[in-house]
Amino acid sequence: MRTTRTLATLMAGVLGLTALAGCGSGSAVDEGKSLTFVAYGGVSQDVLMQQWLEPWSKTNGVTLTQDSPTDYAKLASMVEAGKVTWDLVDTEPFYPIQECGKSVVKLDLTGIDTAKFPEGTVSDCAVPLWGYSLLLVYNKDKYADKPPTSFADFFDLEAFPGTRAAPANVTAGPLEAALLADGVESEQLYPLDIPRALRKWDALKGKVSLWKTSSVSQQQLEAKQADMSLIWSGRIAEAVKNGAPYAPVWKQNLFGWASVVIPKGSAHAAEAQSAIQDMLTAQTQARLAENIAYAPVNSDAKPNLDKVYADYNVTAPAIAEQSVRQDAQWWAQNQQQAVTQWTAWTTS
């Protein structure tokens with residue numbers, strides 16, 4: 001018979017509440033259990049498997065499989081058909097707010113000290129996996145005498161001539177970056193004024209390369225194809241490691257995070273809850289951060305980072321105090337209209 005133990009029971013039975021502070025990993029899962037993990041593929045999924053799920057599965061005797069990429073429509077179809085083959089899924093943070101109780105289930109957060117995680121990253125149906133930021137970076141050789149200092153400089157082609165790159169995906173933060181550049185105070189950023197943001201983007205119409213994948217954003221910098229870019233912190237860190245001559249502007253960096261959810265109808269919810277429990281520990285968070293340029297979200301995590309990863313650790317106090325947190329609740333409620341209006345602008 002498949003176990004239906006809650007996360008609270010799993011924690012109490014094996015790890016105890018101290019596990020969430022970083023002591024130990026895993027929890028009691030009966031032999032013969034299995035779990036299918038889904039993420040976006042690439043190096044990040046490899047790291048998640050190697051540094052989190054494979055050690056956890058060995059400790060708990062769980063057969064582990066994986067799939068990619070995360071596909072919201074596919075997940076919804078599985079749930080509707082009652083044939084769910086995914087058990088644990090890496091998603092954008094707005095999605096579990098939209099789908100809580102629909103395509104994904106509420107998590108048992110008993111015993112989890114949510115104060116250890118960045119504000120707004122824990123919701124009823126999701127917990128954070130790791131953190132990152134969208135930030136402005138610039139070619140140090142191009143702007144050696146007068147480097148940019150804010151998002152406003154990204155939109156100023158007269159004072160800062162040169163090529164530009166930015167995300168094609170609206171949920172990545174191009175609207176927020178434009179509004180901050182236009183003088184909107186961070187405390188008043190939401191609700192986003194989409195028409196105002198698009199008017200700001202008009203200054204770069206036809207003059208910006210919109211990257212569709214994060215790998216392309218990194219490749220652009222390594223090939224010096226953009227003098228300035230709005231890029232995710234993990235990708236600029238890897239580009240810099242590979243010799244790209246870029247520097248960050250941390251002022252008003254837009255903090256975001258990956259979320260982890262359990263699909264409604266998962267046959268292995270107990271295993272998924274156990275894996276989530278292990279992922280939230282300071283120990284696992286530190287191990288992940290040491291192997292990929294994403295920031296730990298458990299404040300107790302003390303990863304041993306090399307210089308580049310330390311420089312781009314967006315949950316470190318010196319960077320975090322300059323961050324603007326993306327509002328997942330606003331995006332959950334307004335994603336479709338933002339996509340529609342942004343798509344119209346980018347294709348006109």
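Amide H to amide H, with H built 1.01 Å from N, D67 comes under 5 Å of F37, V38, A39, counting only residues 5 or more places away or on other chains. The heavy atoms of C100 present about 40 square angstrom of accessible area, all protein chains included, probe 1.4 Å. A simple rule links phi to the HN-Hα coupling: the Karplus curve 6.51 cos²θ - 1.76 cosθ + 1.60 with θ = phi - 60°, which for region 323-334 gives 7, 10, 7, 5, 8, 5, 5, 4, 5, 4, 8, 10 Hz, with x for Gly and Pro. In the chain, the DSSP beta bridges split such that about 55 percent are antiparallel, to the nearest 5. Take T149: with every protein chain present and a 1.4 Å probe, its accessible area is about 90 Å². Counting only GluC sites (Glu not before Pro) that DSSP places in a loop and that have at most 10 other Cβ atoms within 10 Å, the longest clean stretch of the chain runs over 186-320. Less than 11 Å Cβ to Cβ from E290, Lys/Arg counted +1 and Asp/Glu -1: what total charge do the surrounding residues give? With Lys, Arg at +1 and Asp, Glu at -1, the neighbours total +1.
Just want to confirm a number: the relative contact order over the chain, from Cα pairs under 8 angstrom separated by 6+ residues, in percent.
Details: 651 pairs, mean separation 96.1, N = 348.
Value for the chain: 28 percent.
Applied to region 82-94, the Karplus parametrisation 6.51 cos²θ - 1.76 cosθ + 1.60 on θ = phi - 60° returns per-residue 3J(HN,Hα) values of x, 10, 8, 10, 9, 10, 8, 10, 7, 9, 6, x, 6 Hz, with x for Gly and Pro.
For V104, the residues 5 or more places off, or on other chains, whose built amide H falls under 5 Å of its own are K264.
Annotation for D145 and K251: the two label points, set 7 Å from Cα along the Cα-Cβ direction, are 2.1 nm apart.
Against the main long axis of the alpha-carbon atoms of the chain, helix 282-291 sits at an angle near 50°. Under 1.5 on a/c is rounded, so check that first for the chain, then, if it is not, pick prolate when a/b is larger than b/c and oblate when it is not; a ≥ b ≥ c are the square roots of the alpha carbon gyration tensor eigenvalues. In terms of gyration-tensor shape, prolate.
What percentage of the solvent-accessible surface of the chain, computed with a 1.4 Å probe over protein heavy atoms, is contributed by carbon and sulfur atoms? Answer for the chain: carbon and sulfur cover 48 percent of the accessible area.
Could you order K207, K241 by accessible surface area, starting with the largest, using a probe radius of 1.4 Å?
Working: K207 120, K241 90 Å².
Descending order: K207, K241.
Taking amide H as placed 1.01 Å from N in the peptide plane, the amide H of C125 sits under 5 Å from that of L107, each at least 5 places away or on another chain. Between the Cα long axis of helix 72-81 and the first principal axis of the chain there is an angle of about 30°, rounded to the nearest 10.
At 1.4 Å probe radius, can you tell me the per residue accessible area of the chain in Å²?
Numbers: 14560 Å² over 348 residues.
Solvent-accessible surface per residue comes out at 42 Å².
How would you classify region 240-348 from its alpha-carbon gyration tensor, with a ≥ b ≥ c the square roots of the eigenvalues: rounded for a/c under 1.5, else prolate if a/b is greater than b/c, otherwise oblate? Walk me through the numbers on the way to the answer.
Details: a/c = 2.03, a/b = 1.03, b/c = 1.97.
It comes out oblate by the Cα gyration axes.
Considering the chain as a Gaussian network with a 10 Å cut-off on Cα pairs, which listed residue, L135, L189, L288, attains the greatest mean-square fluctuation? The residue that fluctuates most here is L189.
Take S186, project a point 7 Å from its Cα along the Cβ direction, then tell me which residues of region 233-251 have their backbone nitrogen under 14 Å from it. 249-251, by backbone N distance to the label point. Using the Karplus relation 6.51 cos²θ - 1.76 cosθ + 1.60 with θ = phi - 60°, the per-residue 3J(HN,Hα) values for region 98-110 come to 4, 9, 4, x, 10, 8, 10, 9, 5, 8, 8, 9, 3 Hz, with x marking Gly and Pro. If you take all other residues with their beta carbon under 12 Å from the beta carbon of I236, and give Lys and Arg +1 and Asp and Glu -1, the sum is -1.
Starting from the coordinates of the alpha-carbon atoms of region 30-132, obtain the Kirkwood hydrodynamic radius over all distinct pairs and give the value in Å to one decimal.
Details: mean 1/r = 0.0670 Å⁻¹.
Roughly 14.9 Å, rounded to one decimal.
Highest GNM mean-square fluctuation among D278, D193, D227, for the chain modelled with Cα contacts below 10 Å: D193.
Does region 277-323 come out rounded, prolate or oblate by the C-alpha gyration tensor, with a ≥ b ≥ c the root eigenvalues, rounded set by a/c under 1.5 and, if not, prolate when a/b is larger than b/c and oblate if not?
Working: a/c = 2.33, a/b = 1.36, b/c = 1.71.
Since a/c reaches 1.5 but b/c is at least a/b, the shape of region 277-323 is classed as oblate.
Working note: 222 nm ellipticity from helices only, DSSP H runs with n ≥ 4, each -39,500 (n - 2.57), summed and divided by the residues of the chain, gives -9500 deg cm²/dmol to the nearest 500.
The values are calculated or read from the model by the stated rules, or taken from the named source; none is laboratory data. If you're wondering where the values come from, they're calculated on a predicted model, not measured in any experiment. In this analysis, Cβ positions are derived from the backbone assuming ideal geometry, glycine residues included, and neighbour counts consider all displayed protein chains. These accessible areas exclude ligands, DNA and RNA; they are computed on the full protein's heavy atoms, side chains included. Shrake-Rupley method; radii C 1.70, N 1.55, O 1.52, S 1.80 Å.
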